[in-house]
1. Are there any pairs with C-beta distances below 7 angstrom linking a residue in the range 80-99 that is under 22 Å from Phe54 (Cα atoms) to a residue that is buried (at least 18 other Cβ atoms within 10 Å of the Cβ), with the two at least 6 apart or on different chains, and if so which?
2. Kindly provide the set of residues from the range 78-107 that are of a type in the set (Phe, Trp, Tyr), part of a loop (DSSP other than H, G, I, E, B) and farther than 18 Å from Leu35 by Cβ, ordered by number.
3. Counting only residues that are surrounded by 10 or more Cβ atoms within 10 Å (Cβ to Cβ) and closer than 23 Å to Ser95 by Cβ, how many does the range 48-77 have?
4. May I ask you to list the residues in the range 55-77 that are under 26 Å from Val39 (Cα atoms) and of a type in the set (S, T, N, Q)?
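Each reported figure results from applying straightforward, stated rules to the coordinates on display, with no laboratory input. In this text, all values refer to a predicted model and were calculated from it rather than measured experimentally. Please note: Cβ atoms are built from the backbone with ideal geometry, for glycine as well, and neighbour counts cover all protein chains shown.
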Amino acid sequence: MAKSKVKKETIQEVVTVNTEEVVENIKETSIWLRLILVVIFLFVFTFTDIILWFIAGIQFLFTIFTKKPNENLLGFSIKLRNYLSQIIDFVTYSSDLKPFPFSPFPE
């Protein structure tokens with residue numbers, strides 16, 4: 001019985017939420033700004049799907065005609081990949097660095 005009581009108290013301590021802290025967090029404008037930016041960057045991330053299809057198609061055509069991909073598109077693809085990585089890091093809260101246009105476009 002003693003172990004069960006200890007476990008219940010420990011669980012209650014973990015689950016207990018400080019409502020005053022939650023109210024303060026709700027009033028924090030930076031949290032809401034982050035939400036807006038996350039939504040915007042998720043739209044940007046979704047839009048890049050079209051760009052990736054376009055790059056893949058063009059690179060395929062270059063490979064058919066020249067037996068090698070276009071070097072300029074390869075460089076752009078690397079930058080785009082790095083940009084998408086920045087977006088993923090920001091929207092998953094792995095990083096506070098805001099992606100382009102709030103910071104330089106990644107190399």
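1. Pairs found: Tyr83/Pro99; Gln86/Pro99; Ile87/Phe41; Ile87/Pro99.
2. Matches in the range 78-107: Phe100, Phe105.
3. The qualifying residues number 5.
4. Selection gives Ser77 alone.
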